[in-house]
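The structure appears right after this line, and notes come after that.
The values are calculated or read from the model by the stated rules, or taken from the named source; none is laboratory data. All figures in this text were calculated on a predicted structure; none of them were measured in a lab. Here the Cβ is made from the backbone with ideal geometry for all residues, glycine too, and neighbour counts use every protein chain on show.
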Amino acid sequence: MSQLSRRKFLLTLSASAASSVLLKGCLGNPPEPTNSSSSTPAVAPVSLSPETTPETNTIKLGYLPIVEAAAMVIAKEKGFFAKYGMTNVDVSKQASWGAARDNVEIGSAGGGIDGGQWQMPMPYLISEGLITKNNVKLPMYVLAQLNTQGNGIAIANIHKGKNISLDLNAARDYIIGLSSTGTPFTLAYTFPKVNQDFWVRYWLAAGGIDPDNDVSLITVPAAQTVANMKTGTMDGFSTGDPWPDRIAKDGIGFLAALTADIWPCHPEEYLAIRADWVDKNPKATKALLKGLMEAQQWCDRAENHGELASILSTANYFNVPSSVVEGAFSGNYKLGDNLAPISERTKATLYWKDEKGSVSYPYKSHDLWFLTESVRWGFLPPETLTNAKQLIDQVNREDIWKEAAREAGISESDIPTNTSRGVERFFDGKVFDPANPQAYLDSLSIKRI
Ligand code: CA
């Protein structure tokens, strides 16, 4: 079968398999098995007890077209949400992070969303009313981590041959020198004061470049990054795959650094939902989590990567060639300005497990890093750290994750016993000990405090 016809076949199959689950799931009958060996069969619904029957089968979850969204998309398309009674989950594309934030403020009742995919610490900033209209507090719960890694920093071709790589020390003079020409080195992220901004800031500062004074940082929606790089309005950007890798594949630029190299097994994006929705629908929340966990395990299995890339690449989702998406799942990248091919599964986007253990479980210690890094750059006041435990205990609902995992029959060895993952190590030798965030801040030379 040719690549094209195989892809078409898989798409048709997965669409019909998903609708079969939905239809049959509603009628209480098991779905018909599919007759394909190249695709996993549609999943049968579990029999629901009064304790596990969701209060509602309906929710609207927002997503951005980057690999972080993969498990939510798969949970819907492969019937994992439906398996646990969530037969009417709308996984809804958001034009930008700002649009996702606006839509969650509205809620699904008003045509918005109930929750979905978030960069960190967006659920905290929304809960505290720091990025909402009129600073209204909208409590959110962080329920699961969606993925680790799968992000990178792409640099335009005009900067080839300038030693711009993971370690920027050798490129420092060149990059800082551009600021005196009137056109400073300009880097973009997809929303200010969250993951992508942090990755690019960490990378620059580790190379002795002050992100606030030596370069220009701007916000660009992920889907517009390729166009902006082509027109030269930016020199680099930090975002989720497939966009950095697409830049390299399209010959517009190169991948200077993977976030997997900046901080191996780092926290990336999260599932968070409005607290009012979760409090009203605790069983539906656990049903969603069970579906998500199963989808995350599915996404990590190499034999599913072809189908995963096919589903994500469709016009409904990312609308890019499947070949552009697939590398992120296997760790196949062309890295550096000499486009050296690498194929390292440990550097891939991972959804369920990584070398450090659980990816899906939302560690409170990671939320603390995002708050600490917010203090580092002056995005949040230093007192944030004094009150961090109380704030994290309000927003991070790892307890619900654990309940859902046990109900789903997840092995105890895959359920973390500590809300801290312990000491974290970065590529430049810095260490973040969640028991002493101040020591981490003290160890950093470039900061705004
Ligand atoms: Ca990301």
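Regarding A188, is this residue in contact (Cβ under 8 Å) with a residue 24 or more places away in the chain, buried (at least 21 other Cβ atoms within 10 Å of the Cβ) and part of a helix (DSSP H, G or I)? Please lay out each step first, then the result.
Values: in contact (Cβ under 8 Å) with a residue 24 or more places away in the chain: yes; buried (at least 21 other Cβ atoms within 10 Å of the Cβ): yes; part of a helix (DSSP H, G or I): no.
It is false that A188 is in contact (Cβ under 8 Å) with a residue 24 or more places away in the chain, buried (at least 21 other Cβ atoms within 10 Å of the Cβ) and part of a helix (DSSP H, G or I).
For segment 341-359, which positions are assigned to a strand (DSSP E or B), in contact (Cβ under 8 Å) with a residue 40 or more places away in the chain and in contact with a strand residue (DSSP E or B) (Cβ under 6 Å, 6 or more places away or on another chain)?
As a first pass, look at segment 341-359 and keep what is assigned to a strand (DSSP E or B): 341-343, 350, 353-354, 357-358.
From the residues that got through so far, the ones that are in contact (Cβ under 8 Å) with a residue 40 or more places away in the chain too are 350, 353-354, 357-358.
Matches in segment 341-359: L350, D354.
Limited to segment 231-285, what total is found for residues that are away from the ligand (no atom under 16 Å from the Cβ), modelled with pLDDT of 90 or more, in the same structural domain as V220 (by TED's automatic domain parsing) and not hydrophobic (A, V, I, L, M, F, W, C)?
Going through segment 231-285 one residue at a time, the tally reaches 2.
Of the residues in segment 126-158, how many are away from the ligand (no atom under 16 Å from the Cβ), farther than 24 Å from P416 by Cβ and not in a loop (DSSP other than H, G, I, E, B)?
Of the residues in that region, 8 qualify.
If you take the residues in segment 428-449 that are crowded, with 18+ Cβ neighbours inside 10 Å and touching a strand residue (DSSP E or B) at 6+ places or on another chain (Cβ under 9 Å), which one is nearest to F81 (Cα to Cα)? Spell out the reasoning first.
Of all residues in segment 428-449, those crowded, with 18+ Cβ neighbours inside 10 Å come to 432, 434, 437, 440, 446.
Now drop any that are not touching a strand residue (DSSP E or B) at 6+ places or on another chain (Cβ under 9 Å), which leaves 432, 434, 440.
Details: F432: 36, P434: 34, Y440: 40 Å.
Among those that are crowded, with 18+ Cβ neighbours inside 10 Å and touching a strand residue (DSSP E or B) at 6+ places or on another chain (Cβ under 9 Å), it is P434.
Of all residues being surrounded by fewer than 18 Cβ atoms within 10 Å (Cβ to Cβ) and not acidic (D, E) in segment 164-174, which is nearest to the ligand (Cβ to nearest atom)? Just the residue, please. Step through it out loud before you land on a result.
Looking only at segment 164-174, we keep the residues that are surrounded by fewer than 18 Cβ atoms within 10 Å (Cβ to Cβ), and these are 166-167, 169-170, 172-174.
Pick out the ones that are also not acidic (D, E) and you get 166, 169-170, 172, 174.
Numbers: L166: 18, N169: 25, A170: 27, R172: 26, Y174: 27 Å.
Ranking the qualifying residues of segment 164-174, first place goes to L166.
Does D90 satisfy the condition of being more than 30 Å from S323 (Cβ to Cβ) and more than 16 Å from the ligand (Cβ to nearest atom)? Break it down stepwise before answering.
Values: more than 30 Å from S323 (Cβ to Cβ): no; more than 16 Å from the ligand (Cβ to nearest atom): yes.
Judged against the criteria, D90 is not a match.
Within the bounds of segment 294-315, is there any residue that is of a type in the set (F, W, Y) and outside the structural domain of D173 (by TED's automatic domain parsing)? Steps first, answer last, please.
Of all residues in segment 294-315, those of a type in the set (F, W, Y) come to 298.
Now drop any that are not outside the structural domain of D173 (by TED's automatic domain parsing), which leaves 298.
Within segment 294-315, one or more residues are of a type in the set (F, W, Y) and outside the structural domain of D173 (by TED's automatic domain parsing).
Out of the helices (runs of 4 or more DSSP H) lying entirely within segment 216-335, which hold 2 or more residues that are closer than 22 Å to I175 by Cβ and either hydrophobic (A, V, I, L, M, F, W, C) or touching a residue at least 40 places away in the same chain (Cβ under 8 Å) (or both)? Please lay out each step first, then the result.
Working: elements: 225-231, 243-249, 259-262, 275-280, 282-300, 305-313, 322-330.
Correct list: 225-231, 243-249, 259-262.
Go over the candidates G177, G161 one by one and state the one that is surrounded by fewer than 22 Cβ atoms within 10 Å (Cβ to Cβ), assigned to a helix (DSSP H, G or I) and in the same structural domain as S330 (by TED's automatic domain parsing). Walk me through it before giving the result.
Details: G161 fails: assigned to a helix (DSSP H, G or I).
On inspection, the qualifying residue turns out to be G177.
Which of (1) surrounded by 21 or more Cβ atoms within 10 Å (Cβ to Cβ); (2) outside any helix (DSSP H, G or I) does V375 not meet, given it meets every other one?
The single condition V375 does not satisfy is (2).
Within segment 56-86, track down each residue that is within 17 Å of A222 (Cα to Cα) and either assigned to a loop (DSSP other than H, G, I, E, B) or away from the ligand (no atom under 16 Å from the Cβ) (or both). Please lay out each step first, then the result.
Taking segment 56-86 as the starting set, the residues that turn out to be within 17 Å of A222 (Cα to Cα) are 62-70.
Hits for segment 56-86 are L64, P65, I66.
Quick check on V89: is it over 15 Å from the mean Cα position of the chain (by Cα) and assigned to a strand (DSSP E or B)? Working first, answer last.
Numbers: over 15 Å from the mean Cα position of the chain (by Cα): yes; assigned to a strand (DSSP E or B): yes.
Yes, satisfied.
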